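For reference, the structure is listed below as structure tokens.
Values quoted throughout were computed directly from the atomic coordinates according to the rules given, and no laboratory measurement underlies them. These figures come from a predicted structure and were not determined experimentally. Positions of Cβ are generated from backbone atoms using ideal geometry, with glycine treated the same way; all protein chains shown enter the neighbour counts.
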Amino acid sequence: MHSFATIQEFARYAAVTYFTIKGENSQFSETDDFLLRMKIETEYADQLEQLALWLQNIGNHKEGAHFDLFRPERNCLALPPKRRYLEDQIDLRFYCHWVSAKVIILYNGGIKTAPLAQDCPNVSRHFYNAQSWTKQLQNIGIEILGQNILNVEELYIKY
């Protein structure tokens, strides 16, 4: 039997609201889990800080979250942005679902150690979960108005 996850608001900025998912039996949301695990990885502290700055900058950009800033990962997207936007190599991958320029659903991620996410022991599970959750949300349909998800109470997905 599957458990289910719901969508919750994670952070609201001037132009973008970030949401996350939380399993019904989970202590932390997927995004909180990612942040807590990555904070322990002290050698990646600078990369985590860069990701946090990207989220803040995207969230406060007057036009919101441009789709092309995100890294395509099959059905979903990831941060950090595409290589052309980066000064330094970032090994962290943080998967998400771009709903609109004003609404992003953040998932989970990790330290990518292989050329392909599906081959990486650190991120493959998060990559596949992000694919599944994005497909489910696309099938249900997310109704938005500005930075808000109108049908958030109806968005139950298999976890």
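Which percent, nearest 5, of DSSP beta bridges in segment 4-158 are antiparallel?
Roughly 85 percent of the DSSP beta bridges within segment 4-158 come out antiparallel.
Compute the separation of the alpha-carbon centres of segment 1-31 and segment 59-100 and state it in Å as a whole number.
Each part's Cα centre sits 18 Å from the other's.
Would you work out which of Pro81, Asn122, Gly109 lies farthest towards the positive end of the dipole of the chain, given +1 charges on the beta-carbon of Lys and Arg and -1 on that of Asp and Glu, about the Cα centre?
The listed residue farthest towards the positive side: Pro81.
Tell me what the chain gives for mean residue ellipticity at 222 nm when only DSSP H runs of n ≥ 4 count, each as -39,500 (n - 2.57), the sum divided by the residue total, rounded to 500 deg cm²/dmol. Please list the in-between numbers first.
Values: 3 runs with 44 residues, N = 159.
For the chain, the value works out to -9000 deg cm²/dmol.
Taking the number of other C-beta atoms within 10 Å as the exposure measure, put Phe19, Phe4 in order starting with the fewest.
On the way: Phe19 26, Phe4 13.
Sorted ascending by nearby Cβ count, the order is Phe4, Phe19.
Just need the relative contact order of segment 94-135 here, percent rounded to a whole number, with Cα pairs under 8 Å and 6+ apart.
So the answer I get is 33 percent.
If you average the sequence gap of Cα pairs under 8 Å that are 6 or more apart and divide by the length of segment 80-159, what percent do you get for the contact order?
Computed value for segment 80-159: 21 percent relative contact order.
With the contact rule set at Cα under 8 Å and sequence spacing of 6 or more, what percent relative contact order holds for the chain?
Computed over the chain, the figure is 25 percent.
On a straight-distance basis, which lysines could pair with Lys135 in a cross-link, Cα separation under 21 angstrom, same-chain partners fewer than 8 positions away excluded?
Lys22, Lys102, Lys158
Over segment 65-121, how many percent of alpha carbon pairs lie in each 10 Å bin up to the one with the longest distance?
Result, from short to long distances: 23, 57, 20, 1 percent.
Here are labelled values, (i) 36, 15, 13; (ii) 23, 19, 14; (iii) 27, 18, 14, and one is the computed semi-axes √(5λ) of the Cα gyration tensor in Å for what I pasted. Which one?
Structure-derived value, by its label: (ii).
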